[in-house]
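See structure below.
The values are calculated or read from the model by the stated rules, or taken from the named source; none is laboratory data. Remember, it's a predicted structure, so these values are computed and weren't measured experimentally. In this analysis, Cβ positions are derived from the backbone assuming ideal geometry, glycine residues included, and neighbour counts consider all displayed protein chains. Note: accessible area is taken over every heavy atom of the protein model, side chains too, but ligands, DNA and RNA are not part of it. Shrake-Rupley method; radii C 1.70, N 1.55, O 1.52, S 1.80 Å.
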Amino acid sequence: MDAREADYAHFVRSRTRALLRSAYLLTGDQHLAEDLVQEALARTHRAWHRLERPENAEAYARKVMYHAQASLWRRPKVAEVLPGDVGPEPAGDDPADDTVQRLTLRRALLTLTAKQRAMIVLRFFEDRTEAEAAQLLGVSISTVKTQTGRALERLRTLLPDLRVLTQDKPR
């Protein structure tokens, strides 16, 4: 194994978990996230000889993930129906309440479109600016603002008590 291949193998071993976390937030599904990361790693491997420095590999892989996910937005949509109420359970001293709240939030996030979920991940999980998110996804800044606003409004509608629940909890 030459040095370039060893560098790639080290990159895969050290950064796959971080890429999986982001991919899961983008897709909302563990299996789809694994597929997205696998696609990103395969494309990164094909481009490995073109990367000037191995330090750029994660940025390249993330950009591949965002573009691959964005290309899915353009495909025909199939409606997904989630059973049960989406509203959060009241928080108490029971540790199960935290689990219920997380599951409720996850369910609410899955009701967002893929594009809206990507905006939320980039803007709030990865702390990207509007310009960075727009550049990564190949859309305009106004699209980022619009989709982020719609996603937040949808989450506020589905989870009106979430802000109160998180403010009452000790950190």
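For the reader, a short list of remarks on this structure follows.
- Portion, in percent, of the accessible area of the stretch 1-63 that falls on carbon or sulfur, probe 1.4 Å: 52
- Nearest-10 value in Å² for the accessible area of Leu103, using the 1.4 Å probe: 100
- A simple spin-label model places the labels of Ala131 and Ala9 4.1 nm from each other, with each point 7 Å out along Cα-to-Cβ.
- Taking Thr16, Thr113 and ordering them by how much accessible surface each has at a 1.4 Å probe, largest first, produces Thr113, Thr16.
- Solvent-accessible area, 1.4 Å probe, carbon plus sulfur percent, for the stretch 106-163: 49
- As a ratio to 2.2 N^0.38 Å, the alpha-carbon radius of gyration computed for the stretch 1-60 takes the value 1.13.
- Of the trypsin sites (Lys or Arg not before Pro) found in the stretch 35-74, the ones in coil according to DSSP and having at most 16 other Cβ atoms within 10 Å of their Cβ are Arg74.
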